[in-house]
Amino acid sequence: MVSIQNLHFAYRRRPVFSGLDLVLQPGHIYGLLGRNGTGKSTLLHNIAGYLFPQQGQIEAFGFTPRKRLPAFLGKLFHVPEDFQLPDISLAQWINHTAPFYPGFDQQQFEHYTREFAIPTFNGLRELSYGQQKKVLISLALATNAPLLLLDEPTNGLDIHSKSQFRKVIAGALDDEKCILISTHQVKDLENLIDHLMILEDGKILFHQPMSRIAETLLFKLTFDPEEEAQALYSESSLKGHALILSNHDREDSRPDLEMLYKAVLLNSKTINALFP
Amino acid sequence: MRTTPANQFFSFSRWSLLVGKHWVEHRRGYILSLLAIAGLLAVFFTFIILMQGYATLVIAQFFAFFGGLYFAGCLFSSLLFADLSTKKEALPWLSLPASQFEKLLCALLFSVVFFFIAYTVVFYCVDIPMVHWANNALRHHPQNWPNTNQPIPFLSVYNVFTAVGAPIPEANHHLFLYSYFTAQAVALLGSVYYTRYAFIKTVIVGVLFLIAFVLFENTVITPMLPRNWNNDVFRWDQMKYIMEPPQNEVRLPAGVEQMLITLIQFGLPPFFWFITYHRLKEKQV
């Protein structure tokens, strides 16, 4: 669906990507994590064709994104972190935006706005930032675009809306859709993504499906100093030591993305070596 | 499910959707702007009549029309792609599934066609009552030209299309109207080229270009001419012998002159639109 080969990109003198490779497949929700300024949004902008690679190739659905052809743009919906909706009513906006997306489904849109409890009779500018974001996410999902790029989608959402967001996104995924979520709100991705990607120093430092992470790594709380000595990563807490261990015995555990993220940044070679 | 038009360069149905979307999202601002223009024109005419007398309305109509058209038209054009200057407005614009050509054509429809028509209508909505007011006043209180016994005749509404009654020698060529479309095309290009303060930067570049042109005329072209021969920045197609008598002039062959005038009148706006299109295609946010 999306193939990125040897991507090089720099803002004037500041290099962002130097030889990044990535393949995104349909039927998956990818979580993209990274420090501030590592290029998460820049990667999304390159995929969407807002920015052009200085070297390397990006291909999505057989299109070159930088050409920004209507057929390509109709297969993609990008929800940016910062956005501005026009000063018109929701109904007017949908009536004049949805027809550009061949797969748009009005009933689906109404379903999502109900799920998110968005007041539909208001002007868009009268809605709060969080409500506007939910409108945008509802449109994104109702377009049935095969590729959804969500940049910090949970920023501005209240606690209840965040859980609704996870529910709605999980329900919207099918075999033909690919959803890429860039965020630093690691906790918001738990139980949602099925692939974790960590971006660092212009490259994908870690990229594994959640199922393999759960198979390969063991996340546990312990007071045992011996176990702590074997840990790939450990954190102290009131409940004991939170550890990431190699999962030799294929024990069940729930991956803690925040810990894994820190562990990968500290010790990526050792952790990647566990994933042949 | 809708079917996608196959043509990725231009589809009339997609372009119509784009025009409809642009109108719905901007109509409130456009209508308010036109009302503001009407108000400013009315204030200007009233001020001129009260301060300078009825006769000045002949010149005032000309300067109000073109002054307003150039300023408001260029400002409007430079705002059409203002969305591209901020990320949060540029991203929805760039990601909307329409071709860059359709987006440019939509901007041209609003700036070149609709704005010109709307501005001209608004101008006459203000101008015609003002001329009637002045003529009524002259009918009841006839006035003479200053320091003469000649009565000021009734005023006529200035025709912007034929330039009849314009206080300029270029009435036949009507260059002011043609060059407006060039200035507007430059403003449109500037709005794509510059991300911030596009209108101001475009005006500065335009002024610098005019200064460079005048300097080129004076320092390169004029010294190459024989003694007592001169050329004029605004009469670039003819050289004049400035010592009188006799007065001579040399002009380009009529065909060449006409071709150049036609090219400048009708060729420059599409030339700048073409560059704007390519800048749009390469625009990154």
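Looking only at residues in the range A:109-129 that are buried (at least 16 other Cβ atoms within 10 Å of the Cβ) and under 22 Å from the mean Cα position of the chain (by Cα), which one is nearest to the other protein chains (Cβ to nearest Cβ)? Give the steps one after another, and end with the answer.
From the range A:109-129, those buried (at least 16 other Cβ atoms within 10 Å of the Cβ) are A:109, A:111-113, A:115-116, A:118, A:124, A:127; that's our starting set.
Going one step further and asking which of them are under 22 Å from the mean Cα position of the chain (by Cα), we end up with A:109, A:112-113, A:115-116.
Working: A:Phe109: 14, A:Tyr112: 18, A:Thr113: 19, A:Glu115: 22, A:Phe116: 19 Å.
Looking at residues that are buried (at least 16 other Cβ atoms within 10 Å of the Cβ) and under 22 Å from the mean Cα position of the chain (by Cα), I get A:Phe109.
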Open item on the list: Need pairs with beta-carbon distance below 6 Å; first residue more than 14 Å from B:Leu57 (Cα to Cα) and within the range B:148-161, second outside any loop (DSSP other than H, G, I, E, B); sequence gap 6+ or separate chains.
Closed with: B:Gln150/B:Asn144; B:Pro151/B:Asn144; B:Val160/B:Phe65
Task: Out of B:Val122, B:Val131, B:Val113, sole residue that is modelled with pLDDT of 95 or more and within 30 Å of B:Leu50 (Cβ to Cβ) - done: B:Val122
Open item on the list: Residues that are buried (at least 17 other Cβ atoms within 10 Å of the Cβ), out of contact with any Gly (no Cβ under 9 Å at 6 or more places or on another chain) and at pLDDT 90 or above: does the range A:180-203 have at least one?
Closed with: no
Open item on the list: Being surrounded by 14 or more Cβ atoms within 10 Å (Cβ to Cβ) and either away from chain A (no Cβ under 14 Å) or over 17 Å from A:Leu90 (Cα atoms) (or both) is the filter here; which residues of the range B:22-32 pass it?
Closed with: B:Tyr30
Open item on the list: Looking at the range A:45-68 only, could you name the residues that are touching a strand residue (DSSP E or B) at 6+ places or on another chain (Cβ under 6 Å) and surrounded by fewer than 17 Cβ atoms within 10 Å (Cβ to Cβ)?
Closed with: A:Gln54, A:Gln55, A:Gln57, A:Glu59
Open item on the list: For the range A:63-121, which positions are in contact (Cβ under 8 Å) with a residue 24 or more places away in the chain and charged (D, E, K, R)?
Closed with: A:Lys75, A:Glu81, A:Asp87, A:Asp105, A:Glu115
Task: Contacts under 6 angstrom Cβ, first residue in the range B:118-145 being over 13 Å from B:Gln61 (Cβ atoms), partner part of a strand (DSSP E or B), 6 or more apart - done: B:Pro142/B:Pro151; B:Asn144/B:Pro151
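Identify all residues within the range A:23-44 that are of a type in the set (A, V, I, L, M, F, W, C) and open to solvent by less than 10 Å² (accessible area, probe 1.4 Å); write none if there are none. Explain how you work it out, then say what you get.
Looking only at the range A:23-44, we keep the residues that are of a type in the set (A, V, I, L, M, F, W, C), and these are A:23-24, A:29, A:32-33, A:43-44.
Those that are of a type in the set (A, V, I, L, M, F, W, C) and open to solvent by less than 10 Å² (accessible area, probe 1.4 Å): A:Leu24, A:Ile29, A:Leu32, A:Leu33, A:Leu43, A:Leu44.
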Open item on the list: Return the residues of the range B:209-242 that are farther than 30 Å from B:Lys103 by Cα, at pLDDT 80 or above and open to solvent by 80 Å² or more (accessible area, probe 1.4 Å); say none if nothing qualifies.
Closed with: B:Leu210, B:Ile211, B:Leu215, B:Phe216, B:Asn218, B:Thr219, B:Pro223, B:Met224
Open item on the list: Tally up the residues in the range B:97-132 that are within 14 Å of another protein chain (Cβ to nearest Cβ) and either surrounded by fewer than 20 Cβ atoms within 10 Å (Cβ to Cβ) or assigned to a helix (DSSP H, G or I) (or both), please.
Closed with: 7
Open item on the list: So B:Leu91 ticks every box in (1) open to solvent by 40 Å² or more (accessible area, probe 1.4 Å); (2) at the interface with chain A (Cβ under 9 Å from one of its Cβ atoms) but one. Which box is left unticked?
Closed with: (1)
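Mind telling me which of the residues A:Asp188, A:Asp194, A:Asp151 ends up being assigned by TED's automatic domain parsing to the domain that holds A:Tyr30 and in contact with a Lys or Arg (Cβ under 7 Å, 6 or more places away or on another chain)? Show your work before the answer.
Working: A:Asp194 fails: in contact with a Lys or Arg (Cβ under 7 Å, 6 or more places away or on another chain); A:Asp151 fails: in contact with a Lys or Arg (Cβ under 7 Å, 6 or more places away or on another chain).
Just a single option satisfies the conditions, and that option is A:Asp188.
Matching residues to (1) within 8 Å of chain A (Cβ to nearest Cβ); (2) at pLDDT 95 or above; (3) assigned to a helix (DSSP H, G or I); (4) more than 14 Å from B:Ala118 (Cβ to Cβ):
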residue	(1), (2), (3), (4)
B:Pro5	yes, no, no, yes
B:Gly20	yes, yes, yes, yes
B:Leu34	no, yes, yes, no
B:Phe45	no, no, yes, yes
Open item on the list: Given the criteria more than 9 Å from chain A (Cβ to nearest Cβ), over 15 Å from the mean Cα position of the chain (by Cα) and under 24 Å from B:Phe9 (Cα atoms), does B:Leu84 qualify?
Closed with: yes
Open item on the list: Looking only at residues that are touching a Gly at 6+ places or on another chain (Cβ under 9 Å) and among the hydroxyl-bearing types (Ser, Thr, Tyr) in the range A:62-111, which one is nearest to B:Leu96 (Cα to Cα)?
Closed with: A:Tyr101
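The values are calculated or read from the model by the stated rules, or taken from the named source; none is laboratory data. What you see is a predicted model, and the numbers here were worked out from it, not measured in a lab. Methodologically, a virtual Cβ is constructed for each residue, glycine included, from the backbone with ideal geometry; neighbour enumeration extends over all protein chains shown. Only protein heavy atoms, including side chains, enter the accessible area calculation; ligands, DNA and RNA are left aside. Shrake-Rupley method; radii C 1.70, N 1.55, O 1.52, S 1.80 Å.
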